[in-house]
Structures are given as structure tokens and as C-alpha cells.
Amino acid sequence: MLYHDRGVVLRTHKLGEADRIVTFLTRDNGKVRAVAKGVRKTKSRFGGRLEPPSHAQLLLYQGRELDIVSQAETIDHFRPVRDDLDRLGRAVSMLEAADQLALEREPNPRLYEMLVGALRALSDQDAPLVLSGFFLKVLALEGFRPQVEACVVCGDDGPLVSWAIEEGGLRCAAHRQGPALSPEAVDVLQHALGGRLATALNETRGPVVSEVDHLVVRAVEHHLERRLRSVTALHRT
């Protein structure tokens, strides 16, 4: 059965001499794994359309285990991301997290929309906190939105001084537990989760960005119950 969908390429791996298995996060069919035949040949009609993090309009043939890519037309290559190693590293971390969260053949249009939106934001603006913003929205989508407006123990609204990762929220000075948080980092988290993500993305101070990035990644990894390999590599560079 042939079907149309839109999808972001999450990852690929080789199959045989000329083919490749491509994993997509699609709009209507969730995570889909499909064979792109002959894609590794020099004269392949797909060319670079099926490389992470490309966004494509797809025509797929549904198979028993793996689908087959019949057509792929590029919607967006995200060229500024591909041409910048730092941005590409952050994009790959987004793709890895989406790959872990998405289920095969289970539609998750909100995750798809969030991933496309985050990649577009990263392509349009090299904002250091795009990755953390995406991760925070993913946690909220999964039902694990961190409580950042008040202490998770007593409900006091401040000052909030630490993040109890396992408890899913910030703590006040009287109930301090977990990694310490600066007031600036608390502001960023409250902006990002309070409907003011654009304001959060304007934060460029290196120490604040590093602090938020580190803690948000820890929160996502706690939820996934695994380390994100791409984030580890990104932080080594």
C-alpha cells in the first residue's frame, strides 16, 4: 500500500552495497523505518534528500517490517544547520531525543511539529538555548513538565535555589536539594516554560547557557532513563 506523509530524517544506516535504512519521524504515522534503494550510488535520484536532519515530503510503500521510499521531495535541508558544526551537533541531539521518544507507527503530531519548529528556529537563529528549549517542551509534552514557578516541597515561590531532578522541579532555600541554580537560570526556565520561549532564547551569557543546558539535559536523560550520546559528544567539543 502506498501512502503520503511528511517526515524528518532522524538517522540512517547502511544496508547492503547501495541501500540505506532511513528512520523518519513522520507527521501522521509516527516513527517509520524505510529502505531507500540505491541511495548510496553516485547517481541516486534521492541524493542528499535523505540525510539527517532533512525534512521531506514522502511517498512510501508499506511493507511488513520495513517500508520502501518511493519518492522524497525536500521541504527543507536546513542548510545553515548543516554548514555549522555546532548547530549540527545540537540538531543531532534533538533527533536522538525524538528517536527515543517516538514509537513506531504511533502518530505523535505534536512531537513532529515541535521537532520541525526547533530545527527551523536553529536554522534561522543561532540561539544557544534552542536545544534546551526543545528539551523542556518535550518534557512538558511527555507529562513531565518541570515545576519552576514554586518549590516542589512547600509551594513557596522563591527564592528558588536548586533543581531536584528526580522530583521534577525546583526547591526553595529551606528545602534545598539537588544541583544549585543561579537566579538567572531560574529566570530562563520560567520564561521557557511560561509561554515566553522567545525571551529565553535571547539569553546569550555563557555561564547561564551552560548551567541551563547541563541541568535540562540531565532532566531529559532522567526521563529517558539513558544517556544521550550526541549530547556527550557535543559537550566534549
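Taking 0.36 nm per residue of separation and subtracting the current Cα-Cα distance, fully stretching the chain between residue 225 and residue 125 would add 32.9 nm.
Applying 1/(1 + (r/R0)^6) with r as the Cβ-Cβ distance of residue 182 and residue 154 and R0 = 22 angstrom yields a FRET efficiency of 0.55.
Between region 3-44 and region 119-173, the C-alpha centres lie 33 angstrom from each other. The alpha-carbon positions of the chain define a convex hull whose volume is 125 Å³ per residue. For the chain, the 222 nm mean residue ellipticity estimated from helices alone, with every DSSP H stretch of n ≥ 4 adding -39500 (n - 2.57) and the total spread over all residues, rounds to -12000 deg cm²/dmol. Set the Cα radius of gyration of region 127-236 against 2.2 N^0.38 Å, with N its number of residues, and you get 0.99. Each of 106, 221 has some number of other Cβ atoms within 10 Å of its Cβ, and from fewest to most they run 106, 221. Shown here for region 126-212: trypsin sites (Lys or Arg not before Pro) in loop regions (DSSP other than H, G, I, E, B) with at most 16 other Cβ atoms within 10 Å, namely 176, 196, 205.
Tell me the Kirkwood radius of region 29-102: reciprocal of the mean inverse pair distance over distinct alpha-carbon atoms, in Å. Averaging 1/r across every pair of different Cα atoms and inverting gives 13.5 Å.
Using only Cα atoms and rounding to the nearest 10 degrees, what angle (0 to 90) does helix 130-141 make with the longest principal axis of the chain? Helix 130-141 sits roughly 90 degrees off the main axis of the chain.
Sites listed here are chymotrypsin sites (Phe, Trp or Tyr not before Pro) in region 121-207 whose DSSP assignment is loop and whose Cβ has at most 15 other Cβ atoms within 10 Å: 144. Multiply the residue separation of residue 140 and residue 210 by 0.36 nm, subtract the distance between their alpha-carbon atoms, and state the gained length in nm to one decimal. This chain segment gains 23.1 nm when fully extended. Relative contact order, percent, of the chain when contacts are C-alpha pairs under 8 Å separated by at least 6 residues? Computed value for the chain: 15 percent relative contact order.
Every read-out reported here was derived from the displayed coordinates using simple, explicitly stated rules and does not represent laboratory data. Because the structure is predicted, anything quoted here is derived from the model rather than measured. Backbone-built Cβ (ideal geometry, glycine too); neighbour counts: all protein chains shown.
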